[in-house]
1. What residue, among those in the stretch 134-176 that are among the polar types (S, T, N, Q) and part of a helix (DSSP H, G or I), is surrounded by the fewest Cβ atoms within 10 Å (Cβ to Cβ)?
2. Out of (1) within 16 Å of ligand 1 (Cβ to nearest atom); (2) crowded, with 24+ Cβ neighbours inside 10 Å, the odd one out for residue 98 is which?
3. Among the residues of the stretch 258-269, write down those that are open to solvent by less than 40 Å² (accessible area, probe 1.4 Å) and either assigned to a loop (DSSP other than H, G, I, E, B) or not assigned by TED's automatic domain parsing to the domain that holds residue 198 (or both).
4. Here are 147, 136: which of them is more than 16 Å from ligand 2 (Cβ to nearest atom), of a type outside the set (D, E, K, R) and farther than 30 Å from residue 96 by Cβ?
5. Out of the stretch 240-257, which residues are surrounded by 15 or more Cβ atoms within 10 Å (Cβ to Cβ) and farther than 29 Å from residue 289 by Cα?
6. Taking only the stretch 71-89 into account, find how many residues are away from ligand 2 (no atom under 16 Å from the Cβ) and under 14 Å from residue 59 (Cβ atoms).
7. Would a scan of the stretch 293-309 turn up a residue that is touching a Pro at 6+ places or on another chain (Cβ under 9 Å), open to solvent by 10 Å² or more (accessible area, probe 1.4 Å), within 16 Å of ligand 1 (Cβ to nearest atom) and in a loop (DSSP other than H, G, I, E, B)?
8. Which one is surrounded by the fewest Cβ atoms within 10 Å (Cβ to Cβ), of the residues in the stretch 208-239 that are in a loop (DSSP other than H, G, I, E, B) and over 21 Å from the mean Cα position of the chain (by Cα)?
Amino acid sequence: MKVFITRVIPQAGLRLLEEAGLTIEQWTKKRNLTPAELVDHCRDADALLSAGSSKIDAGFLAAVPHLKVIALHAVGYDNVDITAATAHGIPIGNTPGVLTDATADTAFLLMLATSRKAFYLHKKILRGDWNFFEPTANLGLSLEGKTLGIFGMGSIGQAMARRSKAAYNMPILYHNRKPCTTAEKELGARYVSFETLLRESDVLSVHAPLTADTQDKFNAAAFAQMKPNAIFVNTARGGLHNEPDLISALLNHQIWGAGLDVTNPEPMHPDNVLLQMPNVCVLPHIGSATVETRDAMAILAARNIIAGLKGERLPAVVNPQVYEGKPAGRPAL
Ligand SMILES: NC(=O)C1=CN([C@@H]2O[C@H](COP(=O)(O)OP(=O)(O)OC[C@H]3O[C@@H](n4cnc5c(N)ncnc54)[C@H](O)[C@@H]3O)[C@@H](O)[C@H]2O)C=CC1
Ligand SMILES: O=C(O)C(=O)CO
């Protein structure tokens, strides 16, 4: 049995696939696959391990309906047409939980770095602009006791809230599809409307998936309702904020700063005006990028592949509907 992998992934995951006796083909070029290349490489594959943002859409799935399983090296699955995959009976695996802490750390890092203009001031030194001490220069904002707003109080949102409350005693507001009793009991978090979240947050951190409902959720109208000293943090997906509207909001001082681990498109062009702004910090989508986390993601993705090829339920499945009313899979391994 063959698995095609769209990136080079950690050895920890490859080892599991090899031990399961699978033939492995990895895409090693330093560029994304074209849709046609992805189809070509999956024609003789039994499973796909997708690490990156390859579009797994209805057209791709119709071209390779024989795939027994698709495992994502990610928790986000906005690049997958889940309805089409389910219609083809293809289980989609992802990697929830194992990357929660690393990504929450990244959101916390961006909150702190942005509040103190850390990335800009570092570049100032590199430019030879560190001349003499001025009590009124290079000033940032304190976080102690400021209000943190979480948009999407799921695993990572709760982890970000936990860190921020522990570190700066920040009162927590959140907006979510439904109330989160865990966050309310543990952190005293308060469920509020989206509008209230915009109006009352001193730091607003985004942790919801990219969906039709959340696409461009943070647009000109949203930024106009935020506090002029507010910091916007996005470690979810770039598609949740409208970049031209964010740039305008920053230039017009409608919000104070922004910390982004995700942008749209990715990678961000080095000439992007956001990279010149003192109160903006941008990272290259490294939310889950620790050795330990990426190993854990690769292992979980490999376990999803192996289970799928055995016709067993995936350890982490996005579309459990594929198992409804289906006879136990024929062992393929
Ligand atoms: N920058 C990075 O490297 C990483 C980014 N991510 C992104 O973070 C997202 C969240 O990951 P997890 O916390 O593990 O997911 P999760 O499923 O635990 O939490 C997502 C939360 O968003 C809420 N939500 C969904 N739609 C919403 C809406 N329209 N309005 C308000 N809330 C809504 C859900 O109710 C849920 O509480 C992922 O979907 C992914 O896009 C995740 C890991 C790494
Ligand atoms: O897991 C995800 O959704 C990512 O963005 C990469 O870790």
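1. Here the residue is 155.
2. In the conditions (1) within 16 Å of ligand 1 (Cβ to nearest atom); (2) crowded, with 24+ Cβ neighbours inside 10 Å, residue 98 misses (2) alone.
3. Filtering the stretch 258-269 for residues open to solvent by less than 40 Å² (accessible area, probe 1.4 Å) gives 258-263, 268.
Across the stretch 258-269, the qualifying residues are 261, 262, 263, 268.
4. Details: 147 fails: farther than 30 Å from residue 96 by Cβ.
After applying the criteria, what remains is 136.
5. So in the stretch 240-257, the residues surrounded by 15 or more Cβ atoms within 10 Å (Cβ to Cβ) come out as 240-243, 245-247, 249-250, 254-257.
Listed by number, the residues that qualify are 249, 254.
6. Narrowing the stretch 71-89 to residues away from ligand 2 (no atom under 16 Å from the Cβ): 81, 83-89.
Subsequent filtering for residues that are under 14 Å from residue 59 (Cβ atoms) retains 81, 83-85, 87-88.
Qualifying residue count for the region: 6.
7. No, the stretch 293-309 has no match at all.
8. Quick first cut of the stretch 208-239, residues in a loop (DSSP other than H, G, I, E, B) only: 208-217, 219, 226-230, 235-237.
Narrowing the set further to residues that are over 21 Å from the mean Cα position of the chain (by Cα) leaves 226-230.
Working: 226: 23, 227: 18, 228: 10, 229: 14, 230: 25.
That would be 228.
The values are calculated or read from the model by the stated rules, or taken from the named source; none is laboratory data. All values derive from a computational prediction rather than experimental measurement. Ideal geometry is used to build each Cβ from the backbone, glycine not excepted, and the neighbour counts take in all protein chains shown. Note: accessible area is taken over every heavy atom of the protein model, side chains too, but ligands, DNA and RNA are not part of it. Shrake-Rupley method; radii C 1.70, N 1.55, O 1.52, S 1.80 Å.
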